[in-house]
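Notes follow the structure.
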Amino acid sequence: MRDLGVIKWFRTEIDYGFIMRFDGDDLFVHRKNVLCSPSLLNTGELVLFDIHHNKGKDSASNVTLLKLENDVSVVKKWADSPESHIWKRAFPHYLEKLPRREAVDYILNKLQLASSSNEYDFLIDLLTDEEFLLHFDMVKSLASSSTLTKRYASLLSRNGEAPLPEEYHLTIMNELRKNPYLFNPWHVLPLSLYKERADLRAAIADLYKGSILIELLKTYDARNLQWINELVESIKHPLGVINWDTVPEEVLLDERINALAPAEKKIVKLFHSSFSQENVQTAAKWLYSLKYYSDKQQFVRKLPESYRKCKPFLSYLDAKEQVDVLWDDFRLSPITTWPLFSNKAKTMAIARLLKENAIPKQLNELGKLENEPQIKALLLLVWAKEQPEEKKLKAFTTAHRLIQDDLLRQAVSSSKKLNIWCALPGCSYTMYSRVPYCEGRQRQSKDEDGNTYHYTFCPRVGSCEYDMTESEYVGAHTMAVVNLAWSQWTLLEILDACEVTPNLKELENPQQYVNRLSGWVNRLEEIRERLKCSKCSQMMVNNFRYSRDIARYSSTIVSCMKGHPHDQEVYLNHCWCCQKIIDSRESKARVEGLYLCYHCGAGPWNSKKYKVGDICPREDKDEKHHRPMMYEGSGQYRCLTCDHVIQKKH
């Protein structure tokens, strides 16, 4: 009996190729041993062949395509093979050689012998729609879900001369109702079929029904009451699933659908009705039904502008959004609109007024109306813009006191993060410096040729140059950049626009005012925990002699109000070397009047009397009696008396 194989490849230009056997090695085949046209030997074609033995080597001879074989018994032999991978290849060729009735009987007999879902599906796919319907009772229990899906789709979408008989349609509907999740018709059936047949829509599982009904409403008629009724029932069903983003606006306006929609989809109703306090209250209820703050923000941003201006919603907008939405109202009526802004939005509004040169005549009234000291300070600077130099200086001094005293009050009275409304420039490298505000200083030096150049120095990270792009300011922000967007303005730009020059005692360079103020705020934030008394944990009070002078903003002296023996005259500072906090309750030793760093042992800058390791920072003795620390290598020193360890940085 001849063997069966599959063409692996055959090239007519070289007159040979190879055949893959089902039970052996590949065989060489030459053109002269091919009985059919060599051009028919495409890769994957089934072929019959004999094996030719020659000098210990096997090759194929008498090669021809299985479908060209005239001996039906030969083809049947391979179609009846017990090996699934063989008979499934030969089966269609054998059916082609039989009358259709015999072919169908052969398929049904093979179905009874099949043993896997893959074999069932393969055989059922060989039946026509008519044959499938004729033997429906048998094949419906054998076919897999995917095969039934494709077949049902083919049957249900039939039209023209031979539509699906109603009795079979009802049978298929019953099958769907028994197992509705067997079949997702949304992907395979034409939409027009759902339009015509309510029973088909009813048979579809609620998991898919909502999507189908929405598509019907979008495509044909958004006001079809029957479909809307069905959609309402589908949404109410516990297993109903719907993508609300796909629901047409006209459908969302239906009262029943709108009542079931999520809050952000109910908003469409507001765009189709007049503004009223009743609608504001309704929208507020929708807002409060949302759980997360981010969802509430997104909800408010989708509201009509007339609603976003109202108190229940305005607080969910960020500062820039508040200024944008209220700006026209603010220009027309500054007094009534001003209280609606958040403090940060007020700062941005002031920047926008200066940027657009649109200072209102009611500026003095705004200053009287404002209670927040930092915002009042900024309004005072705006007022000073048109004043003579003497009044500018007085206005700056007053503004500085307002800002400083408010920050000190917050630091003493609360442990919460300081509220900074005076628009200090932010630090672009917080991942390295761990501070919120820029402390950069403009300095100058000379190159090798003696030419003077300017650079930016940061006490936190060293060199920190700035880079102004079209949309943002990156790096150290140490000078006014008035071409920034008003939403990015800082106190630097506000002072520059107001033409006010900072003038404080011992402030050598007026340009450093804002960044030195930023450095003081950074340090104040960092020492908040250390402002608590070690005896009673109450917040200690600053010694204002050290806090009101901007030249001394790097250090703070605090005392507990309960007096001795509670903490008194506690010195807090940042080490110039390691940037960690120096606390006189830890660091007892002083050199040249300055406390040593508890962490790295650093003393006065460029001291000629002291070097790291000479004294343990914890020793509370006269300088003459201090004992040196023992060097342990790698920059580490250990005190022989108290076992304290410091790590030298430089």
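The values are calculated or read from the model by the stated rules, or taken from the named source; none is laboratory data. Note that the coordinates shown come from a computational prediction; the quantities given were computed from them, not determined experimentally. Every residue, glycine among them, receives a Cβ derived from its backbone with ideal geometry; neighbour counts consider all protein chains shown. Quick note on the areas: whole protein, heavy atoms, side chains included, nothing else; ligands and nucleic acids left out. Shrake-Rupley method; radii C 1.70, N 1.55, O 1.52, S 1.80 Å.
The table that follows gives values for the structure above.
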{"quantity": "First in the range 237-262 and part of a helix (DSSP H, G or I), second anywhere and among the polar types (S, T, N, Q), Cβ under 8 Å, 6 or more apart", "calculated": "Thr246/Ser211; Leu252/Asn258"}
{"quantity": "Residue within the range 367-377 that is touching a residue at least 60 places away in the same chain (Cβ under 8 Å) and open to solvent by 50 Å² or more (accessible area, probe 1.4 Å) present", "calculated": "no"}
{"quantity": "Subset of the range 461-479 that is assigned to a loop (DSSP other than H, G, I, E, B) and open to solvent by 40 Å² or more (accessible area, probe 1.4 Å) - its residue that is modelled with the highest pLDDT", "calculated": "Met479"}
{"quantity": "Selection from the range 50-73 of residues that are open to solvent by 70 Å² or more (accessible area, probe 1.4 Å) and assigned to a helix (DSSP H, G or I)", "calculated": "Lys67, Leu68, Ser73"}
{"quantity": "Which numbered condition Asp199 misses (of (1) surrounded by fewer than 16 Cβ atoms within 10 Å (Cβ to Cβ); (2) part of a helix (DSSP H, G or I); (3) at pLDDT below 75; (4) acidic (Asp, Glu))", "calculated": "(3)"}
{"quantity": "Residues satisfying the stated conditions in the range 22-42, i.e. modelled with pLDDT of 90 or more and under 22 Å from Val74 (Cα atoms)", "calculated": "Asp26, Leu27, Val29, Asn33, Val34, Leu35, Cys36, Ser37, Pro38, Leu40, Leu41, Asn42"}
{"quantity": "Residues located in the range 23-49, provided they are in contact with a Gly (Cβ under 7 Å, 6 or more places away or on another chain) and not in a strand (DSSP E or B)", "calculated": "Leu41"}
{"quantity": "Given (1) in contact with a helix residue (DSSP H, G or I) (Cβ under 7 Å, 6 or more places away or on another chain); (2) under 28 Å from Arg31 (Cβ atoms), index of the condition Thr64 fails", "calculated": "(1)"}
{"quantity": "The one condition in (1) in contact (Cβ under 8 Å) with a residue 40 or more places away in the chain; (2) of a type in the set (D, E, K, R); (3) touching an Asp or Glu at 6+ places or on another chain (Cβ under 6 Å) that Arg31 fails to fulfil", "calculated": "(1)"}
{"quantity": "Search result, residues across the range 495-552 that are in a loop (DSSP other than H, G, I, E, B), within 26 Å of Lys391 (Cα to Cα) and either modelled with pLDDT under 90 or not assigned by the TED database to the domain that holds Thr347 (or both)", "calculated": "Asn503, Leu504, Lys505, Glu506, Leu507, Glu508, Asn509, Arg548, Asp549"}
{"quantity": "Yes/no for Leu378 being modelled with pLDDT under 95, outside the structural domain of Ser276 (by the TED database) and touching a Ser or Thr at 6+ places or on another chain (Cβ under 7 Å)", "calculated": "no"}
{"quantity": "The range 498-526, residues that are open to solvent by 20 Å² or more (accessible area, probe 1.4 Å) and of a type in the set (A, V, I, L, M, F, W, C)", "calculated": "Leu504, Leu507"}
{"quantity": "Qualifying positions in the range 74-118 - of a type in the set (Asp, Glu) and either surrounded by 12 or more Cβ atoms within 10 Å (Cβ to Cβ) or within 55 Å of the chain's Cα centre (by Cα) (or both)", "calculated": "Asp80, Glu83, Asp105"}
{"quantity": "Any hit, the range 256-272, residues being over 20 Å from Arg308 (Cβ atoms), among the aromatic types (Phe, Trp, Tyr) and at pLDDT 90 or above", "calculated": "no"}
{"quantity": "Given (1) assigned to a helix (DSSP H, G or I); (2) in contact with a Pro (Cβ under 9 Å, 6 or more places away or on another chain); (3) at pLDDT 80 or above, index of the condition Ala222 fails", "calculated": "(1)"}
{"quantity": "Filtered residues of the range 7-49 (kept if of a type in the set (A, V, I, L, M) and surrounded by 17 or more Cβ atoms within 10 Å (Cβ to Cβ))", "calculated": "Ile7, Ile19, Leu27, Val29, Val34, Leu41, Leu46, Val47, Leu48"}
{"quantity": "Boolean, Leu380 is surrounded by 16 or more Cβ atoms within 10 Å (Cβ to Cβ) and either in contact with a His (Cβ under 7 Å, 6 or more places away or on another chain) or within 28 Å of Asn522 (Cα to Cα) (or both)", "calculated": "yes"}
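This table checks each residue for (1) in the same structural domain as Pro510 (by the TED database); (2) at pLDDT below 85; (3) open to solvent by 30 Å² or more (accessible area, probe 1.4 Å); (4) within 26 Å of Asn515 (Cα to Cα).
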| position | (1), (2), (3), (4) |
| --- | --- |
| Lys562 | no, no, yes, no |
| His566 | no, no, yes, no |
| Asn573 | no, yes, no, yes |
| Val591 | no, no, no, no |
| His599 | no, no, yes, no |
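Listed here are the residues, each with its yes/no results for (1) assigned to a loop (DSSP other than H, G, I, E, B); (2) at pLDDT 85 or above; (3) in contact with a Ser or Thr (Cβ under 8 Å, 6 or more places away or on another chain); (4) not β-branched (Val, Ile, Thr).
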site: Ala399; (1), (2), (3), (4): no, yes, no, yes
site: Gln410; (1), (2), (3), (4): no, yes, no, yes
site: Asn419; (1), (2), (3), (4): yes, yes, no, yes
site: Ala423; (1), (2), (3), (4): yes, yes, yes, yes
site: Ser428; (1), (2), (3), (4): yes, no, no, yes
site: Tyr432; (1), (2), (3), (4): no, no, no, yes
site: Gln442; (1), (2), (3), (4): no, no, yes, yes
site: Asp449; (1), (2), (3), (4): yes, no, no, yes
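Here's the yes/no breakdown for (1) on the phi > 0 side of the Ramachandran plot; (2) surrounded by 18 or more Cβ atoms within 10 Å (Cβ to Cβ); (3) part of a helix (DSSP H, G or I); (4) not assigned by the TED database to the domain that holds Leu495:
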position: Phe330; (1), (2), (3), (4): no, yes, yes, no
position: Trp338; (1), (2), (3), (4): no, yes, yes, no
position: Ala345; (1), (2), (3), (4): no, yes, yes, no
position: Met348; (1), (2), (3), (4): no, yes, yes, no
position: Leu353; (1), (2), (3), (4): no, yes, yes, no
position: Lys361; (1), (2), (3), (4): no, no, no, no
position: Glu365; (1), (2), (3), (4): no, no, yes, no
